[in-house]
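The structure is given below, and queries will be raised subsequently.
What follows draws every value from the coordinates through simple rules; no lab data is involved. The structure displayed is predicted, hence computed values, not measured ones. Using ideal geometry, Cβ is built from the backbone for each residue, glycine included, and neighbour counts are taken over all protein chains shown.
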Amino acid sequence: MKHSEMVDLMIIGGGMVGLTLAAALRDTGLHIVLIERAEPSVHQSLGIDCRVSAIVRGNVEMLEAIGAWQHLQQPSPIAAMRVWDDQHDGGIRFDALEIERDCLGQMVENSRLIAALRTLLLRSDTVELCCPATVTSVAWRREAVAVVLGDGRRLHAPLVVGADGAHSWLRAQAGIDLWSHDFEQQGIVATIKPQRHHQQVAYQRFLPTGPLALLPMADGLCSMVWSAHAPRATALMALDDDGFLQDLNLAFGPQLGQLEECGRRAAFPLTTRLAKHLVRPRLALIGDAAHTIHPLAGLGVNLGLRDAMVLAREIADAHRFGEDYGTMEVLRQYRNQRLPDVLAVMASMEGMHHLFTSTLPGVAALRGLGMRLVGNSGAIKQMLMRNSTGLTLPVPRVV
Ligand SMILES: Cc1cc2nc3c(=O)[nH]c(=O)nc-3n(C[C@H](O)[C@H](O)[C@H](O)COP(=O)(O)OP(=O)(O)OC[C@H]3O[C@@H](n4cnc5c(N)ncnc54)[C@H](O)[C@@H]3O)c2cc1C
């Protein structure tokens with residue numbers, strides 16, 4: 001039998017969140033092993049990865065602070081955002097200048113952010129990227145957690161972190177259940193070429209069947225996220241490109257002229273999930289392994305990036321003082337800082353989803369009144385913008 005190597009930290013899952021945790025800790029001297037089962041892949045649509053994320057301003061600053069943003073190719077700033085519903089013409093415009101910033105956030109292709117983070121880690125002598133690699137077993141003991149990889153390599157460490165996505169294998173191995181709510185909706189994503197340039201404005205239209213967003217990408221292209229009830233989404237996915245564009249133009253309206261071209265489409269089921277425990281002795285869950293939310297405000301990975309940064313700071317601080325960062329004393333600090341933020345965002349996504357899809361009498365009028373109130377009140381608008389762009393949260397420093 002092979003002997004077991006002692007390392008300082010094991011991270012399972014090398015998506016945007018797991019890689020951010022490793023990147024944030026790479027200068028602490030900790031020997032980190034990150035295990036990712038898949039080679040990086042790109043699902044292109046009109047020359048762009050159709051999986052994109054809006055990274056809010058606060059998290060852009062955080063990724064700059066750890067040196068990852070500088071390696072990112074072709075981010076596309078969101079200078080303003082227009083939100084309206086299908087019953088009121090006016091809607092609200094959120095402008096970055098109102099909060100004295102040059103942008104509210106940046107659109108990035110997920111594969112490019114992953115590539116930037118991997119570039120950073122490949123230069124590090126303390127982070128070992130095992131990819132493609134699998135974990136075949138995990139066992140939690142009092143002093144350490146032990147894993148066996150698919151090639152028979154045995155490792156143990158004071159802590160293992162689950163960053164292995166919504167269907168987390170590690171979470172299941174730990175026997176942690178989920179609270180979940182299925183929206184019975186699917187999010188359809190694709191790259192769209194509009195007739196007019198988007199001028200770095202993000203558009204979100206709330207339809208009774210779910211929100212439709214067109215987000216500004218490089219070269220005047222837009223990334224579309226169209227959330228629709230499952231039967232409608234299935235019908236939309238079955239259409240050919242011409243039929244789909246016809247429905248899309250009708251649903252979105254004339255804001256960007258004719259929507260002329262549509263790349264490859266992909267559909268994702270939309271479910272809110274929250275792990276019943278974010279931490280256990282010698283285990284922490286981060287990113288989609290810990291929680292998933294409706295993409296209507298594009299905040300899913302943003303929550304995960306903050307998980308990664310807060311956990312990194314707790315691990316780095318404990319390590320600096322010679323403490324065991326796999327214990328509940330340390331891991332509780334991470335959970336206590338993250339849970340209120342996660343729950344608040346989750347509740348507001350559920351609330352917005354019901355407010356904008358409800359057909360109950362009076363709700364449309366209430367919605368219109370709310371939009372006018374927010375639109376006309378500079379102070380409320382600024383507060384909403386500062387909160388949703390993560391600018392009210394401090395940037396956690398690690399080293
Ligand atoms: C339609 C749609 C649109 C979205 N738009 C936005 C947006 O605009 N902004 C935003 O913030 N969020 C958005 N999100 C959410 C965002 O995509 C996710 O929150 C984000 O991808 C989560 O990152 P993660 O690293 O936690 O998990 P993942 O991206 O799922 O990565 C998990 C990684 O773990 C690996 N893995 C899994 N199991 C194992 C295993 N057993 N062993 C080893 N490795 C394993 C996987 O290969 C993968 O690389 C959207 C989601 C959807 C569905």
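Restricted to region 27-47, and to residues that are in contact with a helix residue (DSSP H, G or I) (Cβ under 8 Å, 6 or more places away or on another chain) and crowded, with 22+ Cβ neighbours inside 10 Å, which residue is nearest to MET6 (Cα to Cα)?
Among those that are in contact with a helix residue (DSSP H, G or I) (Cβ under 8 Å, 6 or more places away or on another chain) and crowded, with 22+ Cβ neighbours inside 10 Å, it is ILE32.
May I pose another question? Pull out all pairs, ordered by first then second residue, where Cβ-Cβ is under 6 Å, the residues are six or more apart or on different chains, the first lies in region 5-33 and is touching a residue at least 60 places away in the same chain (Cβ under 8 Å) and among the acidic types (Asp, Glu), and the second is crowded, with 24+ Cβ neighbours inside 10 Å and assigned to a loop (DSSP other than H, G, I, E, B).
Pairs that qualify, where the first residue is touching a residue at least 60 places away in the same chain (Cβ under 8 Å) and among the acidic types (Asp, Glu) and the partner is crowded, with 24+ Cβ neighbours inside 10 Å and assigned to a loop (DSSP other than H, G, I, E, B): there are none.
Another question, if that's okay. Please specify each residue of region 34-46 satisfying the condition of being farther than 28 Å from GLU128 by Cβ and within 11 Å of the ligand (Cβ to nearest atom).
Answer for region 34-46, where residues must be farther than 28 Å from GLU128 by Cβ and within 11 Å of the ligand (Cβ to nearest atom): there is none.
State which residue pairs qualify: first residue more than 15 Å from ILE78 (Cα to Cα) and inside region 294-305, second residue within 6 Å of the ligand (Cβ to nearest atom) in any location, beta carbons under 6 Å apart, and separation of 6 or more residues or different chains.
Correct list of pairs: PRO295/GLY187; PRO295/VAL225; VAL301/MET16; VAL301/SER53; GLY304/VAL17; GLY304/GLY287.
As an exercise: evaluate GLY175 against (1) free of Cβ contacts under 8 Å to residues at least 60 places away in the same chain; (2) under 30 Å from GLY91 (Cα atoms) and give the number of the one condition it does not meet.
Going through (1) free of Cβ contacts under 8 Å to residues at least 60 places away in the same chain; (2) under 30 Å from GLY91 (Cα atoms) one by one, GLY175 breaks only (2).
For ARG26, which of the numbered conditions (1) under 29 Å from ALA316 (Cα atoms); (2) near the ligand (Cβ under 9 Å from one of its atoms); (3) of a type outside the set (A, V, I, L, M) fails to hold?
(2)
If you check GLY326, GLY298, which single one turns out to be buried (at least 19 other Cβ atoms within 10 Å of the Cβ) and on the phi > 0 side of the Ramachandran plot?
Just one listed residue meets the conditions, GLY298.
Sort out which residues of region 181-205 are under 22 Å from PRO269 (Cβ atoms) and basic (Lys, Arg), and write them in order of number.
ARG205
Let me ask another. Looking at LEU212, is it of a type outside the set (Lys, Arg) and more than 17 Å from the chain's Cα centre (by Cα)?
Yes; evaluated as a whole, the condition is true for this residue.
Residue-by-condition table, conditions (1) within 15 Å of the ligand (Cβ to nearest atom); (2) closer than 20 Å to CYS50 by Cα; (3) free of Cβ contacts under 8 Å to residues at least 40 places away in the same chain:
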{"residue": "VAL201", "(1), (2), (3)": "no, yes, no"}
{"residue": "PHE252", "(1), (2), (3)": "no, yes, no"}
{"residue": "GLY257", "(1), (2), (3)": "no, no, no"}
{"residue": "THR272", "(1), (2), (3)": "yes, no, no"}
{"residue": "HIS277", "(1), (2), (3)": "no, no, no"}
{"residue": "ALA290", "(1), (2), (3)": "yes, no, no"}
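Considering each residue of region 279-288, count those that are over 14 Å from VAL342 (Cα atoms) and either assigned to a strand (DSSP E or B) or within 14 Å of the ligand (Cβ to nearest atom) (or both), and give that number.
So the count comes out to 4.
Listed here are the residues, each with its yes/no results for (1) surrounded by 14 or more Cβ atoms within 10 Å (Cβ to Cβ); (2) more than 15 Å from the ligand (Cβ to nearest atom); (3) at negative phi.
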| position | (1), (2), (3) |
| --- | --- |
| ASP151 | no, no, yes |
| LEU155 | yes, no, yes |
| PRO158 | yes, yes, yes |
| ASP164 | yes, no, yes |
| SER168 | yes, no, yes |
| ILE176 | yes, no, yes |
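For residues that are free of Cβ contacts under 8 Å to residues at least 24 places away in the same chain and within 15 Å of the ligand (Cβ to nearest atom), tally how many sit in region 47-86.
Summing the residues that are free of Cβ contacts under 8 Å to residues at least 24 places away in the same chain and within 15 Å of the ligand (Cβ to nearest atom) in region 47-86 gives 0.
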